[in-house]
1. Which values, in whole Å and largest first, are the semi-axes of the equivalent ellipsoid of the range 156-298 obtained as the square root of 5 times each eigenvalue of the Cα gyration tensor?
2. Only helical DSSP H runs with n ≥ 4 go in: add -39500 (n - 2.57) per run for the chain, normalise by residue count and round the 222 nm mean residue ellipticity to 500 deg cm²/dmol.
3. Could you please state, rounded to a whole Å, how far the C-alpha centre of the range 249-298 is from the C-alpha centre of the range 99-138?
4. Can you list residues whose amide H is under 5 Å from Arg131's amide H, if they're 5+ apart or on another chain and H is modeled 1.01 Å from N?
5. Using a 1.4 Å probe over the heavy atoms of the protein chains, calculate the carbon and sulfur portion of the accessible area of the chain as a whole percent.
6. Nearest 5 is fine: what % of DSSP beta bridges in the range 138-284 come out antiparallel, could you say?
7. Hey, which of these cross-link pairs are over 28 Å Cα-Cα: Lys65/Lys155; Lys25/Lys96; Lys117/Lys258?
8. Given 4 °C and 1.567 mPa s, compute D for the range 93-247 with the Stokes-Einstein relation, Rh being the Kirkwood radius over Cα pairs; round to the nearest whole µm²/s.
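The values are calculated or read from the model by the stated rules, or taken from the named source; none is laboratory data. Computed from a prediction, not measured in an experiment: that's the story for all the values here. Positions of Cβ are generated from backbone atoms using ideal geometry, with glycine treated the same way; all protein chains shown enter the neighbour counts. The area values use the complete protein model at the heavy-atom level, side chains included, leaving out ligands, DNA and RNA. Shrake-Rupley method; radii C 1.70, N 1.55, O 1.52, S 1.80 Å.
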Amino acid sequence: MDTKRLDLNLLATLEALLEEKNVTKAAARLHLSQPTVSAQLSRLRDMFNDPLLIPVQRGMIPTAKALELRSPLHSALDQVRGTLTTHQHFEPTQAKLTLILTCTDYLQTVLGLSVVKELRRKAPNIRVGLRNLEPTRLKAQMADGEVDLAFMTPKEAPPDLRSRYLYDEIYVLVGRRAHPHIFDGMMIEDYVQLEHVVVSLSGSNFYTSIDQILEAQGQSRKVVLSAASFLLIPDLVAQSNLVALVPQRLVAERKDLKVVESPIKSAGFSVGMVWHERNHGHSAHRWIREVISQMITK
């Protein structure tokens with residue numbers, strides 16, 4: 001291959017084709033006509049001496065060569081884009097930007113809306129997509145550009161992603177407003193006598209890290225309900241004698257609940273921002289992270 005005649009636009013087209021696996025969709029993404037992208041694909045096939053993408057009934061499938069090229073091509077183009085944008089001045093009032101943010105339902109509730117409002121106040125043309133956090137897929141999602149920023153416990157993030165601490169959250173014990181058996185200063189022995197709701201993403205796990213702590217102290221509790229979301233918990237306990245440990249910020253405005261200190265003092269976690277190296281030096285993403293950090297930690 002004669003690299004002196006290498007056209008970076010062709011490589012950008014190949015990247016789009018490998019991600020979209022469809023000439024029409026790749027053309028729309030690149031703001032080019034379909035015949036132009038088809039012609040560029042023909043040149044790419046000649047350049048690599050390989051079909052690269054093979055037409056099938058619905059779209060195209062990449063060849064083994066194309067799959068081999070995908071990761072190094074993505075990394076190389078990211079470096080080029082980063083070089084071109086790192087030192088550019090970011091003007092939030094004029095910028096048109098889409099941010100894809102992922103976090104748990106709890107963090108969407110306590111942070112999501114306020115973050116979106118603050119970012120849009122300062123950058124009115126910004127768009128924000130909120131996605132549910134998928135910890136096992138996060139690294140790949142960020143590497144592929146599907147997700148830009150995550151709110152999560154930093155120590156639970158893949159080690160090669162960047163992170164920034166935001167705040168510490170604690171668990172509190174909640175029950176209905178007139179619950180007769182919960183009060184500040186409760187002992188573990190009082191706590192384990194109650195009937196509990198826990199959160200499990202699958203909705204079927206009745207044993208959590210809290211149960212591990214209790215077990216180490218020779219105690220156990222009666223878990224009668226496993227919910228798939230923290231957001232369900234306040235209403236569940238408000239209408240029953242069930243109790244639950246939930247993040248404090250989740251119930252800060254609930255006047256229909258009794259909220260007391262957790263009898264398990266070690267219960268809590270940290271919240272931070274997590275992002276990929278591909279966005280680390282980008283002026284817009286640097287600005288976004290700084291706005292969020294100042295907003296939450298002030």
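1. 33, 17, 14
2. It lands at -11000 deg cm²/dmol.
3. The two parts, judged by their Cα centres, are 11 Å apart.
4. Residues meeting the criterion, in which the H sits 1.01 Å from N, are Leu101, Thr102, Cys103.
5. Ligands and nucleic acids excluded, carbon and sulfur reach 51 percent.
6. Around 75 percent of the beta bridges assigned by DSSP in the range 138-284 are antiparallel ones.
7. Correct reply: Lys65/Lys155; Lys117/Lys258.
8. Translational diffusion coefficient: 72 µm²/s.
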